[in-house]
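Chemist: My questions all concern the structure below.
The values are calculated or read from the model by the stated rules, or taken from the named source; none is laboratory data. In this text the structure is predicted, and so the values were computed from the model without any measurement. Using ideal geometry, Cβ is built from the backbone for each residue, glycine included, and neighbour counts are taken over all protein chains shown.
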Amino acid sequence: MTNLAERQSETEHLERLSSLVADILAEAKQQGASAAEAGLSVERGLSVTVRLGEVETIEHHRSQGLGVTVYFGQSKGTASSSDLSLKAVRETVASACLIAKHAAEDEFAGLPDADLLATEFPDLDLYHPWELVADEAIQIAKISEDTARGYHPDISNSEGANLNTYQGLRVAGNSLGFLHGYPSSRHSLSCSVIAGVGDNMQRDDWWTVARDAVDLESAEAVGRKAAERTVRRLGARSLSTRHCPVIFAAEVAGGLVGHFIGAIRGANLYRKSSFLLDHLGKPVFPAFMHIHEQPHLPRALGSAPYDGEGVATHPHDLVKDGILESYVLSTYSARKLGMKTTGNAGGVHNLIVEPGDLDLADLLKKMGTGLLVTELMGQGVNIVTGDYSRGASGFWVENGEIQFPVEEITIAGNLKDIFMKILAVGNDVDLRGNTRTGSFLISEMTVAGN
């Protein structure tokens with residue numbers, strides 16, 4: 001929790017940065033820019049890594065940065081600097097102006113429409129600094145790794161435990177009158193260990209992340225889960241090539257959602273490099289699927305009152321009743337497509353796949369016989385065609401029960417077909433990121449092995 005003195009200090013710091021952004025915008029106008037936008041960030045944190053009970057790294061992070069974009073009519077120039085001195089700020093603005101003067105005109109370039117900019121700024125409870133000293137951080141990481149290493153005699157080695165803390169201030173403004181900033185924090189703890197029986201070696205990990213350290217899983221829980229996940233992979237084998245149902249566990253199901261977002265992102269659409277081109281208003285998932293954005297959830301990792309351009313964020317549906325309701329657009333991509341920005345410059349904010357009634361055990365029973373995927377490898381995804389092929393590991397399931405661990409296989413299909421073949425979404429929702437989803441049960445995919 002932050003005390004009164006800390007809050008007053010952050011408020012004063014925020015006011016100084018806001019004043020600097022206002023000065024930058026004024027400087028851009030003085031240098032001839034017809035419009036401008038600027039952003040400032042000041043960040044600090046601590047990172048500690050422990051391996052085999054010994055400290056490997058201790059890093060204190062401090063950084064600051066300035067980014068400024070200017071427009072001379074429809075010509076755009078951008079420059080950045082890590083030096084916030086008055087001289088450096090003027091030189092950065094001058095560099096952006098010089099670039100804009102030599103850049104080609106682009107009819108779609110420019111600031112967002114003024115009426116779309118955020119004017120209300122709800123308190124999203126995003127700032128919970130964790131004032132750890134290095135010794136305390138080391139002790140937490142050691143507890144996590146010691147728990148994992150002591151879990152089972154087959155755990156023979158460790159890739160270590162890592163604790164990270166972050167807190168920062170970001171301020172954004174533009175020449176339309178938008179000027180706002182807020183502090184935020186993010187903390188994480190991870191652990192990874194190695195187990196071996198004979199020549200069979202396996203590794204796995206677990207991690208926890210939150211805005212507030214009190215919401216993190218305990219060091220013991222992180223270590224125990226890392227160890228459990230590692231040991232259960234011992235004895236993994238490959239499969240013969242087959243077609244079968246597949247469950248994407250919650251921790252990897254978010255990746256499928258990420259490919260969907262990539263396919264409806266404005267830049268891919270106006271470049272005509274998406275397999276979901278011209279699919280607005282059409283079914284892209286089964287009718288029970290509901291995917292929506294909730295950018296104002298308190299303490300959530302993806303929460304933000306406005307996007308990277310200052311456009312107000314708002315809850316909205318991307319998929320409802322299986323139908324694609326909205327693309328993911330910035331101001332520029334929206335103008336290229338003859339549409340309006342969706343407030344997604346910089347990405348989506350708390351993407352939620354509405355869960356069903358079944359937990360993972362129920363999904364396994366519903367699947368009967370098939371593959372449970374818990375890890376994916378490789379980059380075999382083509383957003384232009386939708387072709388999907390990635391290395392995978394997990395568990396073979398028969399009669400709704402896990403039979404043995406599986407490795408050295410590839411799962412393949414086309415994303416358009418994979419999305420439509422989703423039979424159920426689990427209620428085992430993974431909250432550790434910007435996408436919140438449970439496990440996916442897919443009726444059939446190609447599994448290539450021996």
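Chemist: Among the residues that make up segment 305-316, is at least one of them surrounded by 17 or more Cβ atoms within 10 Å (Cβ to Cβ), in contact with a helix residue (DSSP H, G or I) (Cβ under 8 Å, 6 or more places away or on another chain) and among the small types (Gly, Ala, Ser)?
Modeler: Within segment 305-316, one or more residues are surrounded by 17 or more Cβ atoms within 10 Å (Cβ to Cβ), in contact with a helix residue (DSSP H, G or I) (Cβ under 8 Å, 6 or more places away or on another chain) and among the small types (Gly, Ala, Ser).
Chemist: Here is a further query. Does residue 209 fit the bill of being in a strand (DSSP E or B) and either more than 30 Å from residue 28 (Cα to Cα) or not assigned by TED's automatic domain parsing to the domain that holds residue 360 (or both)?
Modeler: Yes: the conditions hold for residue 209.
Chemist: Right, next: For segment 375-426, what are the residues that are in a strand (DSSP E or B) and among the hydroxyl-bearing types (Ser, Thr, Tyr)? Even if it seems obvious, please write down each step before you answer.
Modeler: The initial filter retains those residues of segment 375-426 that are in a strand (DSSP E or B), namely 375-377, 381, 387-398, 401-414, 422-425.
Correct list: 388, 389, 393, 410.
Chemist: Next question. What tally of residues in segment 256-285 results from selecting those that are of a type outside the set (Gly, Ala, Ser), buried (at least 16 other Cβ atoms within 10 Å of the Cβ) and in a loop (DSSP other than H, G, I, E, B)?
Modeler: Count: 7.
Chemist: What are the pairs, 6+ residues apart or on separate chains, where a residue within segment 152-181 that is of a type in the set (Phe, Trp, Tyr) has its Cβ under 8 Å from a residue that is modelled with pLDDT of 95 or more and buried (at least 18 other Cβ atoms within 10 Å of the Cβ)?
Modeler: Cβ pairs passing all conditions: 166/45; 166/185; 166/186; 166/187; 178/117; 178/118; 178/172; 178/310.
Chemist: Looking at the structure I just gave you, is residue 338 without any contact (Cβ under 8 Å) to a residue 40 or more places away in the chain, in the same structural domain as residue 286 (by TED's automatic domain parsing) and closer than 15 Å to residue 308 by Cα?
Modeler: In short, no.
Chemist: Please verify whether residue 329 is within 24 Å of residue 37 (Cβ to Cβ), assigned by TED's automatic domain parsing to the domain that holds residue 425 and under 22 Å from the mean Cα position of the chain (by Cα), treating the condition exactly as stated.
Modeler: So residue 329 fits the description; yes.
Chemist: How many residues are outside any strand (DSSP E or B) and closer than 30 Å to residue 149 by Cβ when one looks only at segment 52-90?
Modeler: 2
Chemist: Another question, then. Across segment 320-340, which residue is farthest from residue 301 (Cα to Cα) among those that are among the β-branched types (Val, Ile, Thr) and buried (at least 23 other Cβ atoms within 10 Å of the Cβ)?
Modeler: The qualifying residue farthest from residue 301 (Cα to Cα) is 331.
Chemist: For the structure I just gave you, tell me whether residue 332 is farther than 25 Å from residue 171 by Cβ and of a type in the set (Phe, Trp, Tyr).
Modeler: No.
Chemist: Oh, and also: Would you confirm whether any residue within segment 312-324 is assigned to a loop (DSSP other than H, G, I, E, B) and over 25 Å from residue 279 (Cα atoms)?
Modeler: No: segment 312-324 contains no residue that is assigned to a loop (DSSP other than H, G, I, E, B) and over 25 Å from residue 279 (Cα atoms).
Chemist: In addition: Could you pull out the residue among 370, 346, 378 that is more than 19 Å from the chain's Cα centre (by Cα) and either closer than 21 Å to residue 272 by Cα or touching a residue at least 12 places away in the same chain (Cβ under 8 Å) (or both)?
Modeler: Going through 370, 346, 378 in turn, just one is more than 19 Å from the chain's Cα centre (by Cα) and either closer than 21 Å to residue 272 by Cα or touching a residue at least 12 places away in the same chain (Cβ under 8 Å) (or both): 370.
Chemist: Of (1) exposed (fewer than 15 other Cβ atoms within 10 Å of the Cβ); (2) touching a Ser or Thr at 6+ places or on another chain (Cβ under 9 Å); (3) touching a residue at least 24 places away in the same chain (Cβ under 8 Å), residue 385 satisfies all except one. Which?
Modeler: Condition not satisfied by residue 385: (2).
Chemist: Moving on. Say whether the condition of being among the polar types (S, T, N, Q) and touching a strand residue (DSSP E or B) at 6+ places or on another chain (Cβ under 8 Å) is met by at least one residue in segment 423-432. Give the steps one after another, and end with the answer.
Modeler: Looking only at segment 423-432, we keep the residues that are among the polar types (S, T, N, Q), and these are 427.
If we keep only those that are touching a strand residue (DSSP E or B) at 6+ places or on another chain (Cβ under 8 Å) as well, we get none.
Looking through segment 423-432, none of the residues is among the polar types (S, T, N, Q) and touching a strand residue (DSSP E or B) at 6+ places or on another chain (Cβ under 8 Å).
Each row is one residue, and each column tells you yes or no for (1) hydroxyl-bearing (Ser, Thr, Tyr); (2) surrounded by 13 or more Cβ atoms within 10 Å (Cβ to Cβ); (3) in contact with an Asp or Glu (Cβ under 7 Å, 6 or more places away or on another chain).
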site: 9; (1), (2), (3): yes, no, no
site: 20; (1), (2), (3): no, yes, no
site: 32; (1), (2), (3): no, no, no
site: 49; (1), (2), (3): yes, yes, yes
site: 65; (1), (2), (3): no, yes, no
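Chemist: Same structure again: Which residues, counting only those in segment 127-160, are surrounded by 20 or more Cβ atoms within 10 Å (Cβ to Cβ) and farther than 21 Å from residue 226 by Cβ?
Modeler: 127, 128, 129, 130 - these are the residues of segment 127-160 that are surrounded by 20 or more Cβ atoms within 10 Å (Cβ to Cβ) and farther than 21 Å from residue 226 by Cβ.
Chemist: Looking only at segment 427-445, which residues are basic (Lys, Arg) and either farther than 23 Å from residue 209 by Cβ or outside any strand (DSSP E or B) (or both)? Spell out how you get there, then give the answer.
Modeler: In the first step, residues of segment 427-445 are kept if they are basic (Lys, Arg); the result is 432, 436.
Result: 432, single match.
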